[in-house]
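Q: I'd like to ask you about the structure that follows.
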Amino acid sequence: MQAKANVLVTATGSIVGQGIIKCLKLANASNDSPVTYRVIGADMSAQAAGLYRCDIGILIPSASSPEYVDSIIKVSREQTVHAIYVGSDVELIVLGEAKERIEHETGAKLLTSPIEVLITARDKWKTFEFLNANNLPNAASSLPEDNEKFTKEFGYPVV
């Protein structure tokens, strides 16, 4: 007996969103999958290809809209969504900041890292500092105001 899960995929027009949809559909096609997914796609554009590859496609406002988070909550409630997959970087921060509210109001699990991790990962310098602080391998880097010192030490080419 397979469990059933309603999942929401955002930004279905993006490469990431379409990749998520493809993976969920491949899981559904597998005889070994313990879960059958009902895929609900959401995008701000009716031309988003992924909307038409889902079991249901829903138009929502852009992530920059003040109504965006409310629309995710509304769709999640109406469709009894169990999990939300985020299909674009732009949406990650917006949804990450509203994660607690979304999960509390919908019961759906928002599949993102904690907001602090998202903010660090989206900032190259913060990522560099994190890698250094944790003794992880990384490329030498500098901020623009230190570029003379950096190029004297490392020379060209600089990437």
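Q: Rounded to the nearest 5, what % of the DSSP beta bridges within the chain are antiparallel ones?
A: Antiparallel bridges: around 0 percent, rounded to the nearest 5.
Q: Leaving ligands, DNA and RNA out of it, report the carbon-plus-sulfur percent of the accessible area of the chain at a 1.4 Å probe.
A: In the chain, the share of accessible area belonging to carbon and sulfur is 56 percent.
Q: Another one. Quick one: what are the phi-derived ³J(HN,Hα) couplings along region 44-57, Karplus 6.51/-1.76/1.60 with θ = phi - 60°, whole Hz, x for glycine and proline?
A: Computed from phi, the couplings for region 44-57 are 7, 10, 5, 8, 5, 4, x, 4, 8, 9, 9, 5, 8, x Hz.
Q: Measuring from label point to label point, each 7 Å out along Cα→Cβ, what is the Ala5 to Tyr156 span in nm?
A: 5.2
Q: Taking the Cα centre of region 1-136 as origin and charging only Cβ (+1 Lys, Arg; -1 Asp, Glu), how large is the dipole, in debye to the nearest 20?
A: Roughly 400 debye, rounded to the nearest 20.
Q: A further question on this structure: Kindly provide the helix-only [θ] at 222 nm of the chain, computed as the sum of -39,500 (n - 2.57) over DSSP H runs of four or more divided by all residues, to the nearest 500 deg cm²/dmol?
A: -12500 deg cm²/dmol
Q: At what distance in nm do the modelled label points of Thr36 and Ser113 sit from each other, each positioned 7 Å from its Cα along Cα→Cβ?
A: A separation of 3.6 nm, rounded to one decimal place.
Q: Can you tell me the accessible area per residue over the chain, all protein chains present, probe 1.4 angstrom, in square angstrom?
A: On a per-residue basis, 63 Å².
Q: Quick one: if you stick a label point 7 Å off each Cα along the C-beta vector at Asn135 and Gln47, how many nm between them?
A: For Asn135 paired with Gln47, the spin-label model returns 5.3 nm.
Q: Now a separate question. Return the FRET efficiency for the residue pair Glu148, Ser62: r is the Cβ-Cβ distance, R0 is 35 Å, and the value is rounded to the nearest 0.05. Walk me through the numbers before you get to the answer.
A: Numbers: r = 41 Å, r/R0 = 1.16.
Efficiency computed from Cβ-Cβ geometry: 0.30.
Q: Just want the answer: with Cβ charges of +1 for Lys and Arg and -1 for Asp and Glu, which residue in Ala140, Thr151, Phe130 is farthest toward the dipole's positive end in region 107-159?
A: Projecting each Cα onto the dipole axis, the largest value belongs to Phe130.
Q: Quick check: Cα centre of region 87-159 to Cα centre of region 16-45, how many Å?
A: What the calculation gives is 28 Å, centre to centre.
Q: Quick one, which of [x] 28, 19, 15; [y] 37, 18, 16; [z] 26, 18, 15 is the actual semi-axes √(5λ) of the Cα gyration tensor in Å calculated for this model?
A: Among [x] 28, 19, 15; [y] 37, 18, 16; [z] 26, 18, 15, the one calculated here is [y].
The values are calculated or read from the model by the stated rules, or taken from the named source; none is laboratory data. Just so it is clear, the model here is predicted, and its values are computed rather than measured. Counting neighbours? That spans all protein chains shown, and the Cβs are built from the backbone with ideal geometry, glycine included. Heads up: the accessible areas ignore ligands, DNA and RNA and are worked out on the full protein's heavy atoms, side chains in. Shrake-Rupley method; radii C 1.70, N 1.55, O 1.52, S 1.80 Å.
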